[in-house]
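One structure is given here, and the rest of the page talks about it.
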Amino acid sequence: MNSRQIATKPNLKKRILAGLIDYSLIFGVLLIMFIYFGEKDSEGIHITGFPAFANILIWFAYMVGFEAKYGGTLGNLVFDLQVISIKDSNSTSLTLGQSFIRHLFDMLDLWFFGLLGILLIKNTQYNQRLGDLCAQTIVIDTKDQSQFYKRFA
C-alpha cells in the first residue's frame, strides 16, 4: 500500500450535526453579546467597540484555535471527526493557518443551507468542502478504520 494513500467518506450526517453544534455555540455567544451589550437605535440593535471585536476573537479562538490544537472543533470531536492536513507529507497535524483558511470559507460552504458544501463533499475526490480544498485538509471519522491518511507510514 502506498504510504501517502488517502481514504475518506463523505460523513455528511456527522459533519452537518457537528456544524450545527459549532454554529449553535457561536450564535449563542453572539446572542448573549447582543443581549448584554447591544445598543438600540432606529435601525435595530447593534454592537460596537470591544464587544463586537470580542465576537471575532471568540470565533477565532473556538473555530480556529480549538481545531488547530485538538484536530477538530467540539462538534467534530463529539462525532469522532478529525481534520487532517494533507499539505505536508511529513505531518498530518493541522496548522493554525490551515484552520483559519478552512473557516474563512465557511459562509460560502454554508450558502443556501449548505448546498455548496454538500455538493463539494459528495463530488470531490477526498470528500472536501471548499475550505478543505483551499487549506489542503480532509475530514475523517476516527472510529471508521477504512478512513485514513498515511495509515502505513
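Each reported figure results from applying straightforward, stated rules to the coordinates on display, with no laboratory input. Not measured: the values here are computed from a predicted model. All Cβ positions, even for glycine, are placed from backbone atoms using ideal geometry, and neighbour counts span all protein chains on display.
Numerical summary
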| quantity | calculated |
| --- | --- |
| Folded to 0 to 90 degrees: helix 111-123 orientation relative to the chain principal axis, Cα | 10 |
| Which listed pairs, of K13/K40; K14/K87; K40/K69, have C-alpha distances above 29 Å, in listed order | K13/K40; K40/K69 |
| Residue order, fewest to most beta carbons within 10 Å, for T48, T137, T124 | T48, T124, T137 |
| Segment T142-L12, length gained on full extension (0.36 nm per residue, minus Cα span) | 45.4 nm |
| Pair I56, V78: separation of 7 Å Cα→Cβ label points (nm) | 2.8 |
| Rounded to 10°, Cα long-axis angle of helix 12-37 versus longest principal axis of the chain | 20 |
| Net charge, L119 excluded, C-beta distance under 12 Å - Lys, Arg +1, Asp, Glu -1 | +1 |
| Inter-site label distance for L116 and I21 at 7 Å from Cα along Cβ, in nm | 2.6 |
| Residues L81, L74, sorted so that the one with the fewest Cβ neighbours within 10 Å comes first | L74, L81 |
| Whole-angstrom gap from the range 112-153 to the range 66-100, using each part's C-alpha centre | 12 |
| Helix axis angle, 49-59 relative to the chain longest principal axis, alpha carbon, degrees | 20 |
| Fewest-first sequence of M63, M33, M107 by Cβ atoms within 10 Å of each Cβ | M107, M33, M63 |
| Gained length - T124 relative to S93, 0.36 nm times residue gap less alpha-carbon distance | 9.0 nm |
| FRET efficiency, L104 to H46 (Cβ-Cβ, R0 22 Å, nearest 0.05) | 0.40 |
| Mean separation of Cα contacts under 8 Å, 6 or more apart, over the residue count of the chain: relative contact order % | 34 |
